[in-house]
Amino acid sequence: MKSIWTDKVDKANPLPEYPRPQFERDCWQSLNGEWEYFIATRGEKWVSTYREKITVPFAVESLLSGVEKPLKASDRLWYQKKFTVDDCLKGKRIILNFGAVDWQCKVYINKEQVGSHTGGYINFSFDITDYLKQGENTLNLCVYDPTEAGWQQRGKQDTHPHGLWYTPTSGIWQSVWLEGVDVSHIEKIKLLPDIDKGTLSIKTTTSNAENCKLVLTVYDAGNEIIETEISEDETVDMGKDFKLWSPEEPNLYNIAVELIKNGNTVDTVKSYFGMRKFGFGNDKFGKVRLFLNNRPYFQRGLLDQGYWPDGGLTAPTDEAMIFDIREAKKLGFNMLRKHIKIEPMRWYYHCDRLGMLVWQDMMSGGAYIGDFYAGFLPNIGVRVKDDKYKVFKRDKKEARDNYKSELTQMIEQLYNVVSIFCWVPFNEGWGQFDAVSIAKYVKSLDNSRLVDHASGWYDQHGGDIKSMHKYIFPIILPKLDKRAFVITEFGGYQNKYTGHTWSENKAFGLYLKFKNKESLTRAYKKLHEKQVIPLIDKGLCGTIYTQLTDVENELNGIFTYDRAHLKFDEQTVIDINKQMKI
């Protein structure tokens, strides 16, 4: 199935934009485009002959990859890319970067292994300088991805897609690129604004930086406002007149961090930040509210799974990513819940610059907990303690340790994102374990954001959010506590838009169905006016409607899967969102 951008993809140079806007260098080389591949069915024996082509960074199962083949749990997916280092990178240390590879891979340069990585959503890098030769070089990957046959964090991927389970994404699915750095260079920066003190905390990690100094330059709308030498752990005064960031006014400050040695700049990293503060507390009436910049702020959200009919987990173009965010904002939404997926860093950049709050899920993993625990018990009010690891399919310590490791990596990778308001470790009991302890652990890594420790069914009375999922049954105000009450999933009303569906014969049938735009819009309006809006004065702090777009056989989107049609009356949605405020 195509999207409205499928035919706009440049297969020779797909997704050509710099992949990491919050840690950007000028000296880089994209490796996206045509690669060779081979699916091996007999283990990891070295593959020497490649006869078929694939377009990277689209997964092997996707239309845009040019392959559209499944990967079995016993298969190995081999890639090959021949490349010559661009002139601007010569004489430097060469770093090979991967946005994401699902799930486990070994990386070779000129037949020598340079490293390996496990985890389908986290970016990783290798210094390949010592493996390169003059002229043409060969890059190979061997990928293993058992999807549901394994225990890894996999989100909603399933080799037998049905209902709310979708086509897998195996292998490379985010950009691949080279960067050139000096022996002395910047490895990472960590940014934390403080609007109460009017400061920016910046922690810089360097490599081989003895006898070097760091210089920070801050820009406001292109104008230099600060230039100062900094230590590796510095707090910078932003003055009295700094601009706040919010969805309504997404003010960003650009920065450059220079590493200077013997009077010469040996490395420059560009980034940006926003002055904002997230929290929750009591309003003037004593109701618990979500806060933005020290003021109560109602959040109107959409569930956003980040799937594409042509690219799977990979958006076909940068323009496509922008469309989802911009159209949601146009309809009056100010938040997207990124549902059990980590997006490429450019998606977060667009949320930052366009002004869209993000609730970031951790990917679910392990086996599905079954309809009895995932559907029946929660809907009759039965609660289960999440230290029962077998019930929640987390009895393997290896899987629990891996979850915590990837959770840590996700928070570190996304820490500087301006728009992320809340971390969501678990969803509807799937793979949930020790959620109260996990929430405390998340807070130890990042105390600047809120935590919804168990979105949906099995609340363990931890974290900052009292979370409710409600489909079909009436939405009734629960007994509130000291946490902020948010309806973190609801609605899910279905409408099949003929000619713009993944399958004309299949439709996920759990939620209420409507025949046309008019009846769908009326039901949406009634749901909000009768059940949701009246709860705001009683303590409701935010809502997340299911969902932004259709996904494969799941037809409950605001937009069709191909993004060609808005399935609701636009003005009605806008008018309802105008009423959703404190």
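Taking every residue in region 380-408 that is in contact (Cβ under 8 Å) with a residue 40 or more places away in the chain and pairing it with any residue that is in a helix (DSSP H, G or I), at least 6 positions away or on another chain, the pairs with Cβ-Cβ distances below 6 Å are D386/A435. Elements of the type strands (runs of 3 or more DSSP E) sitting completely within region 26-89 and holding at least 1 residues that are modelled with pLDDT under 95 and under 19 Å from V101 (Cα atoms): there are none.
All conditions in (1) assigned to a helix (DSSP H, G or I); (2) under 19 Å from the mean Cα position of the chain (by Cα) hold for A374, with the sole exception of (2). The residues on offer are P478, P534, and the sole one that is assigned to a loop (DSSP other than H, G, I, E, B) and surrounded by fewer than 16 Cβ atoms within 10 Å (Cβ to Cβ) is P478.
When region 96-149 is limited to residues that are of a type in the set (G, A, S) and crowded, with 17+ Cβ neighbours inside 10 Å, the one that is farthest from R76 (Cα to Cα) turns out to be G99.
Residues in region 293-346 that are among the aromatic types (F, W, Y) and without any contact (Cβ under 8 Å) to a residue 40 or more places away in the chain: 0 in all.
Each row is one residue, and each column tells you yes or no for (1) buried (at least 23 other Cβ atoms within 10 Å of the Cβ); (2) farther than 28 Å from Q22 by Cα.
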site: M363; (1), (2): yes, no
site: D371; (1), (2): no, yes
site: P378; (1), (2): no, yes
site: N402; (1), (2): no, no
site: L414; (1), (2): no, no
site: S455; (1), (2): yes, yes
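Table: residues versus (1) over 21 Å from G306 (Cβ atoms); (2) touching a Pro at 6+ places or on another chain (Cβ under 6 Å); (3) surrounded by 22 or more Cβ atoms within 10 Å (Cβ to Cβ); (4) of a type outside the set (S, T, N, Q).
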position	(1), (2), (3), (4)
G542	no, no, yes, yes
Y545	no, no, yes, yes
D550	no, no, yes, yes
I558	no, no, yes, yes
Y561	no, yes, yes, yes
L566	no, no, no, yes
D575	yes, no, no, yes
Q579	yes, no, no, no
I582	yes, yes, no, yes
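All of G120, G115, G150 fail the test of being within 27 Å of H339 (Cβ to Cβ) and at pLDDT 95 or above, apart from G120.
Listed here are the strands (runs of 3 or more DSSP E) enclosed by region 169-284 that have at least 3 residues being on the phi < 0 side of the Ramachandran plot and free of Cβ contacts under 8 Å to residues at least 60 places away in the same chain: 199-207, 212-220, 223-230, 233-237, 253-261. If you check I95, I122 for being in a loop (DSSP other than H, G, I, E, B) and of a type in the set (A, V, I, L, M), only one passes: I122.
Find the residue count for region 537-565, including only residues that are in a strand (DSSP E or B) and either without any contact (Cβ under 8 Å) to a residue 60 or more places away in the chain or of a type in the set (G, A, S) (or both). Give the derivation first.
Initial filter on region 537-565 (in a strand (DSSP E or B)): 540-546, 549, 551, 554, 559.
Pick out the ones that are also either without any contact (Cβ under 8 Å) to a residue 60 or more places away in the chain or of a type in the set (G, A, S) (or both) and you get 542.
Adding up the residues that qualify gives 1.
Restricting S448, S467, S444 to those that are modelled with pLDDT of 95 or more, small (G, A, S) and in a strand (DSSP E or B) reduces the list to S467. The set of residues in region 95-154 that are free of Cβ contacts under 8 Å to residues at least 12 places away in the same chain and over 18 Å from Q174 (Cβ atoms) comprises Q113, D130, Q134. The residues of region 490-542 that are basic (K, R), within 30 Å of the chain's Cα centre (by Cα) and more than 20 Å from I574 (Cβ to Cβ), listed by number, are K496, K506, K513. Flag not set for K341, criterion: surrounded by fewer than 17 Cβ atoms within 10 Å (Cβ to Cβ) and of a type in the set (K, R).
Would you say S231 is closer than 30 Å to E112 by Cα and either surrounded by 14 or more Cβ atoms within 10 Å (Cβ to Cβ) or not assigned by TED's automatic domain parsing to the domain that holds G119 (or both)?
It is false that S231 is closer than 30 Å to E112 by Cα and either surrounded by 14 or more Cβ atoms within 10 Å (Cβ to Cβ) or not assigned by TED's automatic domain parsing to the domain that holds G119 (or both).
Could you say whether any residue in region 574-581 is farther than 24 Å from D283 by Cβ and not polar (S, T, N, Q)? Yes, there is a match, as at least one residue in region 574-581 is farther than 24 Å from D283 by Cβ and not polar (S, T, N, Q).
The values are calculated or read from the model by the stated rules, or taken from the named source; none is laboratory data. Keep in mind that this is a model prediction, so the values were computed, not measured. Ideal geometry is used to build each Cβ from the backbone, glycine not excepted, and the neighbour counts take in all protein chains shown.
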